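A short reminder: the numbers here are calculations on the coordinates, not readings from a lab. All values reported here derive from a predicted model rather than from experimental measurement. Using ideal geometry, Cβ is built from the backbone for each residue, glycine included, and neighbour counts are taken over all protein chains shown.
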Amino acid sequence: MEYLGFGPFALRAGYRTYSSSQRSAALGKALGSDGPGLSEFYGMFMGVGFRTKLGTMDYTLLPYGELGNAHRFSLSLKFGGKGVSR
């Protein structure tokens, strides 16, 4: 999902489903781990974005259970524009 109601800012959230064996492996359940922190949100991701005329900046947080959290940053720039009529 994406919500664009804050001017140039965007809020994003989503969820990806995994099989129970994939989820248990990533959370370390077979090793007896309790999965501290954000591990219960494994499969969810949330982020924010900022749009300008020059491009966008995005940040996303993805919990990966025993593997820790992934922080993704991206920067996209726009080049060119409308052609000048002669």
Exercise for the section: List every residue whose amide H lies under 5 Å from the amide H of Tyr64, counting only residues 5 or more places away in sequence or on a different chain, with H placed 1.01 Å from N in the peptide plane. Expected result: Asn69, Ala70
Exercise for the section: Calculate the spin-label point distance for Ser76 paired with Phe45, positioning each point 7 Å from the Cα along the beta-carbon direction, and give it in nanometres. Expected result: 1.3
